[in-house]
Amino acid sequence: MTEEIPPRVRQQVVRVQQTRDSLQYVGALLAQVKQQVAETNSALTQLKELAADAVIYQVAGTILFKTTKEKASKSLEEQAESLNLRVKSLEKQETQLRKQYETLQETLRGMLGQAGPAPAE
């Protein structure tokens, strides 16, 4: 005898799985952006140690061009600021998804507890 899973329970399982997948995606993206922040900050630190007249090259797409220390610093600072905003946004999104995931799991547990075993025939 096979038990049929009620449609409401199946839909809730799908919602839980989708939210879990979204949470994993945002977590991976957050880790990636945090790595970019670390790399940008490292580049800024190294740049500050250079002499003011040092020859500096910067990458833009597939082009490498000569620039000044000042311009490179400004560019990296803007990039770091943008990345930090992205980190904050992703952290907020991750927190919201985590709460949503926990709520959906609790709802599913309640549904499964109410469903109980099928009556014996």
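Worth a mention:
- Full extension of the chain segment joining Thr67 with Arg15 gains 13.7 nm, where the gain is 0.36 nm per residue of separation less the Cα-Cα distance.
- Lys, Arg +1 and Asp, Glu -1 on Cβ, resulting dipole of segment 7-114 about Cα centre, debye, nearest 20: 540
- Centre-to-centre separation between the Cα atoms of segment 12-29 and those of segment 38-92: 33 Å.
- Stretching Thr45 away from Asn84 to a fully extended chain increases their span by 12.4 nm, per 0.36 nm per residue minus the current alpha-carbon distance.
- Taking Arg109, Arg98 and counting other C-beta atoms within 10 Å, the order from fewest to most: Arg109, Arg98
- Overall form of segment 19-65 per C-alpha gyration tensor (a/c, 1.5; a/b vs b/c): oblate
- 3J(HN,Hα) along segment 83-91: 5, 5, 5, 5, 4, 4, 5, 5, 5 Hz, from the Karplus curve 6.51 cos²θ - 1.76 cosθ + 1.60 with θ = phi - 60°, whole Hz, x for Gly and Pro.
- Couplings 3J(HN,Hα) of segment 43-54, computed from phi: 5, 5, 4, 5, 5, 5, 7, 7, 5, 4, 9, 4 Hz, in residue order, whole Hz [Karplus 6.51 cos²θ - 1.76 cosθ + 1.60, θ = phi - 60°; x for Gly and Pro].
- Taken along its three principal axes, the alpha carbon spread of segment 7-114 comes to 73, 24, 14 Å, from the longest extent down to the shortest.
- Dipole of segment 7-114, positive direction: furthest Cα of Gln32, Leu90, Ser42, with charges on the beta-carbon: Leu90
- Amide hydrogen proximity for Ile56: with H placed 1.01 Å from N in the peptide plane, the residues at 5 or more positions away or on another chain lying under 5 Å are Thr67.
Read-outs: derived from the displayed coordinates by stated rules, not from any lab. Owing to the predicted nature of the structure, the values given are computational and were not obtained by experimental measurement. Ideal geometry is used to build each Cβ from the backbone, glycine not excepted, and the neighbour counts take in all protein chains shown.
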